[in-house]
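Working notes for the structure below.
The values are calculated or read from the model by the stated rules, or taken from the named source; none is laboratory data. Values in this document were obtained by computation on a predicted structure and should not be read as measured data. Backbone-built Cβ (ideal geometry, glycine too); neighbour counts: all protein chains shown.
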Amino acid sequence: MTRTSILLVLALCASVKCLLGDFVTAKLGESVKLSASRSCTGDEKFTLIKRLKDDSPLTVALRVDGVWEPGLNYTSRISHHSVFGVVLSRLNINDNGLYEFTCGGEIVTLIQLEIFRATPVSVSEGGTVELPCYYYTAGELVKSVRWERNGSLVIEMDRASREIRYGTGFEGKGSVSANWYLEGNLSLTLKRAQLEDTGDYLCYIQQDEDAKRRRGHPAAATLTVSKRHPDPDHPKDEEKKGMESWSIVAITVFLTLVIVGPSAFVLGWWLKSCR
Ligand SMILES: *[C@@H]1O[C@H](CO)[C@@H](O)[C@H](O)[C@H]1NC(C)=O
Ligand SMILES: *[C@@H]1O[C@H](CO)[C@@H](O)[C@H](O)[C@H]1NC(C)=O
Ligand SMILES: *[C@@H]1O[C@H](CO)[C@@H](O)[C@H](O)[C@H]1NC(C)=O
């Protein structure tokens, strides 16, 4: 397989809504499932290779008797998932790139794996939070900006028409500056954060109709929404305070009865006897 034919397949992918492969994004340090669109039959050699920058192939995994086994450079990171594929774990930046499932030497599926690094962002329930993302847009062919949460649409804004599409639950909640294209600021603002807003948010520029994507910088944010304090009356604290004042009363009464009472009696008796 030469580089030209790979490029040809990719070009084909871009023009006919790819049936062969896909862009897969995964978070640095986590795991990703890589699977072929179809399995290999009979005793054909079924392999997963990574195409390196110099075009040379590196065996990632090889299916032996129906079970995927790791290639030499992947011994501790590949595990069998199904007859179709594997799970690659502890992802590192060098895992970025093009993967090919080949069956008897013929490419079955192409996968472009993109590893992203996520910036941690946190907010408390009910608050407003900004997820930063920037991209050099000047003079760039840009169709729209798009944010996704765990792979589903959050918001997409078209540059020319300024038309906005929202993912479910994000209507009126998520927003991107109307000037995003002019300033290259693709940051997402989320209002009234809820615990269920937690997740990995990815920011993209879509370059054309075929939705060729470019990630912004930083590409992703991992949002954590923390539960708000049971405000505003602090019922637990009140209870505690109540308990405390009762104890003080009890101790005072006890001291009065046990110490002050008898002492006063003894003092009175002594004063009387002194007269
Ligand atoms: C694969 O592993 C061998 C031996 O450890 C090493 O020399 C080689 O550089 C590795 N190749 C890649 C692409 O990491
Ligand atoms: C980017 O846009 C957001 C609103 O979408 C704004 O809060 C933020 O300040 C902007 N960043 C800069 C550097 O201007
Ligand atoms: C998104 O993914 C994260 C991490 O896998 C998970 O903790 C979170 O619950 C998911 N959020 C939604 C809404 O699916």
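Starting from segment 179-202, keep only residues that are at positive phi, then list their pairs with residues that are not in a loop (DSSP other than H, G, I, E, B) whose Cβ atoms are within a distance under 9 Å, requiring at least 6 positions of separation or different chains.
Here the result reads Gly184/Tyr134; Gly184/Gly216; Gly199/Arg149; Gly199/Thr222; Gly199/Leu223, each pair linking segment 179-202 to a residue that is not in a loop (DSSP other than H, G, I, E, B).
Can you pull out the strands (runs of 3 or more DSSP E) entirely within segment 13-70 that have at least 1 residues that are modelled with pLDDT of 95 or more, among the hydroxyl-bearing types (Ser, Thr, Tyr) and within 16 Å of ligand 1 (Cβ to nearest atom)?
Here the list reads 46-51, 57-64.
Select from segment 169-224 the residues that are within 17 Å of Glu125 (Cβ to Cβ) and of a type in the set (D, E, K, R) and list them in ascending order.
Hits for segment 169-224 are Lys173, Lys191, Arg192, Glu196, Asp197.
Any residue that is loosely packed, with under 15 Cβ neighbours inside 10 Å, in contact (Cβ under 8 Å) with a residue 60 or more places away in the chain and of a type outside the set (A, V, I, L, M) - is there at least one of those in segment 62-69?
No, there is no match, as no residue in segment 62-69 is loosely packed, with under 15 Cβ neighbours inside 10 Å, in contact (Cβ under 8 Å) with a residue 60 or more places away in the chain and of a type outside the set (A, V, I, L, M).
Out of Lys27, Lys53, which single residue is charged (D, E, K, R) and either over 25 Å from Tyr201 (Cβ atoms) or in contact with a Leu (Cβ under 6 Å, 6 or more places away or on another chain) (or both)?
After ruling out the rest, the residue left standing is Lys53.
May I ask you to list the residues in segment 190-212 that are within 12 Å of ligand 2 (Cβ to nearest atom) and over 16 Å from the mean Cα position of the chain (by Cα)?
Lys191
Do we have any residue at all in segment 91-102 that's away from ligand 2 (no atom under 16 Å from the Cβ), at pLDDT 95 or above and in a loop (DSSP other than H, G, I, E, B)?
yes
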